[in-house]
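The values are calculated or read from the model by the stated rules, or taken from the named source; none is laboratory data. Bear in mind the structure is a predicted one, so any value in this text is a computation, not a measurement. All Cβ positions, even for glycine, are placed from backbone atoms using ideal geometry, and neighbour counts span all protein chains on display. Calculation scope for accessible area: heavy atoms of the full protein, side chains included, ligands and nucleic acids excluded. Shrake-Rupley method; radii C 1.70, N 1.55, O 1.52, S 1.80 Å.
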2 protein chains.
Amino acid sequence: MKFIIQRDKLLQSVQDVLKAVSTRTTIPILTGIKLVTSEEGVTLTGSDSDISIESFIPSEEDGTINVEVIQPGSVVLQARFFSEIIKKLPMDTVEIEVGSHNMTVIRSGKSEFNLNGLDAEEYPLLPQIEEENVFRISADLIKNIIRQTVFAVSTSETRPILTGVNWQLENSELICTATDSHRLALRKAKVESDNNLSCNVVIPGKSLSELSKILDDTNELIDIVVTENQVLFKAKNILFFSRLLDGNYPDTSRLIPSESKTTITVTTKDFLQAIDRASLLAREGRNNVVKFNTFETGLLEISSNSPEVGKVVEQVQSTSVDGEELKISFSAKYMMDALKALEGTEIVVNFTGAMRPFVIKALNDDNMLQLILPVRTY
Amino acid sequence: MKFIIQRDKLLQSVQDVLKAVSTRTTIPILTGIKLVTSEEGVTLTGSDSDISIESFIPSEEDGTINVEVIQPGSVVLQARFFSEIIKKLPMDTVEIEVGSHNMTVIRSGKSEFNLNGLDAEEYPLLPQIEEENVFRISADLIKNIIRQTVFAVSTSETRPILTGVNWQLENSELICTATDSHRLALRKAKVESDNNLSCNVVIPGKSLSELSKILDDTNELIDIVVTENQVLFKAKNILFFSRLLDGNYPDTSRLIPSESKTTITVTTKDFLQAIDRASLLAREGRNNVVKFNTFETGLLEISSNSPEVGKVVEQVQSTSVDGEELKISFSAKYMMDALKALEGTEIVVNFTGAMRPFVIKALNDDNMLQLILPVRTY
């Protein structure tokens, strides 16, 4: 294998596939990046066997030459060293040549590296996915969906299924749900799909976080292909594979109350900042819990008390308070996570009593819902 | 005590004195910040008993009112909570009022904190320093001196005196020296001093690093007062006290070779980047060691070899090479630290043989010198 490549193009691809490479793998070859060169261009692959990322650099793109392929071939190079080297090379172009025993020479200007490569034949093959059932979402919407749900997945392995986000597609509507059993985030979106496709899968939260870092904030349509145990996200020159979680996701729809006994509407920013301050002292107590009171006047009060440090009382004027007066306690952290995920300047919170889960939505937006279980303190 | 203060002024002072506050102190009251209010303004103090910082906020400054003092007094508040609260309060002004048992109320808009305070009488007194012997350096020059020397102090406590920087003042010339016994950094500066002052002290590296963060990058003259066991840096509204290290600093002057067998002149940036790349593979080996060769043609070669990973050869064209051809090995990290500390686009390195310390200076600049001991590999 021998080729000359634009360093910035190579670096971008290396940094993309690097997101799938783990240093703590039990399969030594997976600490490497696979390079395969053909006349069409260079393909890089990184994998930790849960996530696999393939990035393609076309030889020619929009009339610009990215790669000059002198001899096709393949090699696997240590990911950590390879990425550091490409980042620091002195010139705009890099020459990469594989000799006998996979010994690989990397040249740029007066800099020359010789790296011990591995045989690309020994690199695990990526899952073969039949592209029968495809649906499409724009890259920026995928990033939003991930940002608004993935924070609510469980970080504990006691119920592994809850470490993923449930993606349910039916009648061209995608419903994404994440819960750690103390709070829940739900996001709906309209999607384009072939043959009125339906599916119901659980994608690991970690995979979605990595995917979000790789996607650009554009309206480029991403093809999504779901199989029994894999999901594939196809962008222009990037393939992102993730395994799916085994098992049935719990039915969360019955958790979400439909009626309301107390409804408040409040400016998101004021409410968020007041809770942030009230939680400063709560951090010392258990689980960041703050107390919340509504008053008939429309005043909201958030307070917390830590006997050793002191106490704090925050007041926020709501836009409206309807229904019963309420005293409730909840985790300030969960509330702040939920408020940051919601879009819009005003939010509506529907309570059905001090011991019941409550629902937070952006005003006039039914595509997104945050639910939090209260804490028993009163 | 009761006063109303501009929040941004208070926050700046809190963040300055916070740099002296350690959470790992054996004296509980030192986890707090002392506030003392008089008609003139508010004084904040933080200390970990090695470093003490006092910041004064004048009631009035340049015609602007910073503080409205309603009742003078004092209190000590938990530093961590106090700084977080001041940072997040909603309005531009803050009211602070101390009631009975040092219970302190902090109000801003509709936010109200009650913090358990401590008696300011129990806070240790700062060292009393007689201002007899004063010399002066501009803030930006102090920051430079610190940046160019402090990285070379020892991080090991086996020889505690080497964890500090030696400041020697004689005939209005200050010589600052730091060494960890593998490399040495030396910086000279002209200073203004009273009565042709002379002194010879060792200031802890950590104190200098914190001082550097507090000083602004201006040409404001800082008064420096040295006593037997303390040094005081006096800026306009800040006092920075540090204890001095006990013991005699080693005489390092005889370490610095005066003659040279091989002299090279090279562009700092090219040399630094080549060493950075050569060290990428060296990191795997012991102590980041790279090999360095000069050639009669003026070519410099930096190389390293890590049998498991591969090898790298970097070539740099020097401006000039004079004297014997040389093969030497040294720590890439020490060399990069030294090159980053030196100013100027070209550097001169004077070698006196493969086993002898060598000296690096910026071209035509004798105020600064970096010395590195080679490593035996050839």
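Per-structure values
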quantity	calculated
Area hidden from solvent between B and A (accessible, protein heavy atoms only, 1.4 Å, total, Å²)	2700 Å²
Residues of region B:334-378 with amide N under 18 Å of a point placed 7 Å along Cα→Cβ from B:GLU325	B:351-355, B:378
Reachable aspartates and glutamates, given that their alpha-carbon falls under 12 Å from the alpha-carbon of A:LYS311 and they are not under 8 places away in the same chain	A:GLU284, B:GLU112
Surface share of carbon and sulfur [accessible, 1.4 angstrom probe, percent] for region A:2-122	46 percent
For B:GLY41, residues with placed amide H under 5 Å, excluding near neighbours	B:SER59
Net charge, A:SER198 excluded, C-beta distance under 12 Å - Lys, Arg +1, Asp, Glu -1	-3
Karplus 3J(HN,Hα) series, Hz, for region A:140-156 with 6.51 cos²θ - 1.76 cosθ + 1.60 (x for Gly, Pro)	5, 5, 4, 4, 5, 4, 5, 4, 8, 10, 5, 4, 8, 5, 6, 9, 9
Given charges at beta-carbon only (K, R positive; D, E negative), |dipole| of chain B in Debye	1600 debye
Surface accessible to a 1.4 Å probe, per residue, for the residues of the protein assembly as shown, Å²	46 Å²
For the protein assembly as shown, Kirkwood radius (reciprocal of mean inverse C-alpha pair distance, Å)	31.2 Å
Relative contact order of chain B, defined on C-alpha pairs under 8 angstrom at six or more residues apart (%)	12 percent
Whole-number Å³ per residue for the convex hull built on Cα positions in chain A	176 Å³
Per-residue SASA entry for B:LEU232, accessible area with 1.4 Å probe, Å² rounded to 10	10 Å²
3J(HN,Hα) from dihedral phi, region A:306-315, Karplus parametrisation 6.51/-1.76/1.60, rounded to Hz, x for glycine, proline	10, x, 6, 9, x, 9, 9, 10, 10, 10
Pseudo-label separations to other copies for A:ASP194 - Cα-to-Cβ vector, 7 Å, nm	8.7
Mean separation of Cα contacts under 8 Å, 6 or more apart, over the residue count of region A:2-122: relative contact order %	28 percent
Calculated FRET value between A:ARG159 and B:GLN71, using beta carbons and R₀ = 60 Å, to 0.05	0.55
Label point 7 Å beyond Cα along the C-beta direction, distances from B:LEU363 to other copies (nm, shortest first)	6.6
Zone residues, region B:103-132, relative to B:ILE27, backbone N less than 11 Å from point 7 Å out along Cα-to-Cβ	B:122-127
B:THR25 long-range amide H proximity, modeled H, under 5 Å	none
GluC sites (Glu not before Pro) restricted to DSSP loop in region A:1-73 with at most 12 other C-beta within 10 Å	A:GLU39
Loop-located chymotrypsin sites (Phe, Trp or Tyr not before Pro) in region B:233-313, at most 14 other Cβ atoms within 10 Å (DSSP)	B:PHE295
For B:PHE295, inter-copy label distances in nm, listed shortest first [label point 7 Å out on the Cα-Cβ vector]	8.3
